[in-house]
Amino acid sequence: MTVTQAARAGWVQVYPTGQATVGSSSNLNIEYTGQNIANMVTVPVGDNGTVTLYTSGGGHLLVDVFGYYTPAASVASGRFAALTPARLLDSRNGTGSPAPVNPGDTKNCGDFATWTAANNWFWTYYPHYGDVAQLDGNDDGVPCESLSGAPATARPPARAKPASGSLTKFQVTGRGGVPGGASAVVLNVTATQAAGGGWLQVMPTNGSVAPGAYSNVNLMRVGQTAAGLTTVPLSNAGTVQIYTSIATHLIADVAGYYTGASDEVTSRGLFVPITPSRIKDTRSATKPASGSTVSLAPAGKGGIPTTGAAAIALNLTATQATGVGYLQVYPTGQGTPGASSNVNTERAGQTIANAAMAKLGTGGTATVYVSRSTHVFGDVAGYFTGNPGTSDPSLDGLVVAPQNTTVAYNRDSWNHWIDADWDCQNTRHEVLIATSRVQPVLTADGCAAVSGSWLDPYTGQTWHQATEVQIDHVVALANAHRSGGWAWTAQQKEAFANDVLTPELVAVEGSVNQAKSDSGPETWKPPLASAWCDYASDWTAVKRKYALTITQAERDALVQMLATC
């Protein structure tokens, strides 16, 4: 829904005809005369198959329809699978951009007239393939340091914005937990650093829709940041595209997907509409501080059942903002502040809303992260049914899907044991140094561990020579590849293979690591049964962080292992 040529400041409410009270919820907030602003709305159909739009301040209204829900008991296609939000596209840093063709070792520093030219070439290919032309001799991120003007530290060049009138296409399936075979995807799309007034249109890539047929995000001025939720069908290749009428950087975060015809028949993920109602409003208390969180606990409110809801259709509003910031909603216990965003504030005093499909996490709740102090309120229009069965709640939200075995796995494409911080210690040795139970002995140059004391958590045995110890990827690289990583860029694969911030890398005895190989928990478990709880918890945490899928056999094994906790 879009308001254009707004007559004055106010708000718009969409509700099922004959089934709601004016003012009990809101969907769009207008701040000034002439404003154009849009928001996605999910609303039950009311009397005589109609919905009502109430505008408090006046303005023209545009309504574009993207889909509908039909009653069903159990179906395969069209069920919503909510995900922990993950970023699929960010034109500011190249996330989601197609990789250029690998040029190989075709350049040397003498081929560049300036250091800037060398740096631009280096960073065009480095995020995807590493230092293919060997221009960075000391691995500090600064190529061709012999050229005049080379700085002391790495300076990746700024990326150009998608141009006016351009289409930006990106892969969705195989990333962020969206499996092949999904029929549609729900994305939160953000325009930022806009070059002027214009609009975004999120489109299928099959040619079924022309640019200008509708809009998803409206921009009014230079430098604006604005976001909008959208549902878009996926092509057979699992891609979507964004048309930009004005040059602007683009961000897309996935919130979930709709199942396809080949999926299982179940009652999980069905939408149950309710009359829109307010489930959270902080204005009756102290304004949430910058960096704080607000809990959304919808169970038992506004027609949402006390149990059985997996996600909610939410309209989230920031009001009385104190400055530039954002709101981020994620399932409690399953998200990281800053990994995605939903509502963007640009100035003090602003009121702005955006729709969200919010997955529920621990305790049936969602968390709203407040990056800059603002009041928050949320209106809910319905919920999605959860799994009627029972299982360990720590597995909630992990997507069960078959592994992709059609794309060949190549271990060399998962660049591991790098020196990410350029301190001469690669990832393997940083893990050894960090996990030794005594001060480790290092080589003369301080770059590698020679000896120490390492407790193998899988066997309970202690080892003292670094050569006896290997670093296990808790979720094996091959498993990560088959469960979604096949679609990652070289940079994403490298980040996963060297992630020291999650429980993905563990120092273990070499033969144990070899016995595990690339097995999942359904075929390999730690020999020490008392280690099953920690191992399954770590394995689950890694899968969740990277939005990787799991098979049903893996899930069953995890339930068994987590039962030992």
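The values are calculated or read from the model by the stated rules, or taken from the named source; none is laboratory data. All figures in this text were calculated on a predicted structure; none of them were measured in a lab. Please note: Cβ atoms are built from the backbone with ideal geometry, for glycine as well, and neighbour counts cover all protein chains shown. Just so you know, the surface numbers come from the protein's heavy atoms only, side chains and all, with ligands and any DNA or RNA stripped out. Shrake-Rupley method; radii C 1.70, N 1.55, O 1.52, S 1.80 Å.
Quick rundown of the values:
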item	result
Enumeration of residues in the range 446-455 that are open to solvent by less than 60 Å² (accessible area, probe 1.4 Å) and not in a loop (DSSP other than H, G, I, E, B)	449, 451, 452, 453, 454
Pair list, Cβ under 7 Å, 6 or more apart: the range 117-130 residue over 16 Å from residue 494 (Cβ atoms), other residue at pLDDT 90 or above and open to solvent by 40 Å² or more (accessible area, probe 1.4 Å)	119/155; 119/157; 120/157; 121/107
Tabulated pairs, the range 284-311, first in contact (Cβ under 8 Å) with a residue 60 or more places away in the chain and at negative phi, second surrounded by fewer than 14 Cβ atoms within 10 Å (Cβ to Cβ) and assigned to a loop (DSSP other than H, G, I, E, B), C-beta under 6 angstrom, 6+ apart or interchain	299/306
Residue 105 vs. criteria modelled with pLDDT of 90 or more, in a loop (DSSP other than H, G, I, E, B), open to solvent by 70 Å² or more (accessible area, probe 1.4 Å) and farther than 30 Å from residue 263 by Cα	yes
Flag for residue 240 being under 22 Å from the mean Cα position of the chain (by Cα), surrounded by 15 or more Cβ atoms within 10 Å (Cβ to Cβ) and within 17 Å of residue 66 (Cα to Cα)	yes
Subset of the range 300-359 that is of a type in the set (A, V, I, L, M) and touching a Pro at 6+ places or on another chain (Cβ under 6 Å) - its residue that is surrounded by the fewest Cβ atoms within 10 Å (Cβ to Cβ)	304
Hey, residue 472 in a strand (DSSP E or B) and within 30 Å of residue 272 (Cβ to Cβ) or not	no
Pick from the range 261-289, criterion small (Gly, Ala, Ser) and in a loop (DSSP other than H, G, I, E, B), ranking: least open to solvent (accessible area, probe 1.4 Å)	269
Count of the range 404-432 residues which are surrounded by 18 or more Cβ atoms within 10 Å (Cβ to Cβ) and hydrophobic (A, V, I, L, M, F, W, C)	3
Residue list for the range 326-360, filter: aliphatic (A, V, I, L, M) and over 18 Å from residue 11 (Cβ atoms)	329, 339, 348, 357, 358, 360
Near pairs, Cβ below 6 angstrom, 6+ apart or cross-chain, from the range 60-80 (closer than 14 Å to residue 261 by Cβ) to any residue that is among the acidic types (Asp, Glu) and open to solvent by less than 80 Å² (accessible area, probe 1.4 Å)	76/263
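For (1) assigned to a helix (DSSP H, G or I); (2) touching a residue at least 40 places away in the same chain (Cβ under 8 Å); (3) within 16 Å of residue 507 (Cα to Cα), each residue gets a yes or a no:
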{"residue": "381", "(1), (2), (3)": "no, yes, no"}
{"residue": "398", "(1), (2), (3)": "no, yes, no"}
{"residue": "403", "(1), (2), (3)": "no, yes, no"}
{"residue": "433", "(1), (2), (3)": "yes, no, yes"}
{"residue": "444", "(1), (2), (3)": "no, no, no"}
{"residue": "457", "(1), (2), (3)": "no, yes, yes"}
{"residue": "463", "(1), (2), (3)": "no, yes, yes"}
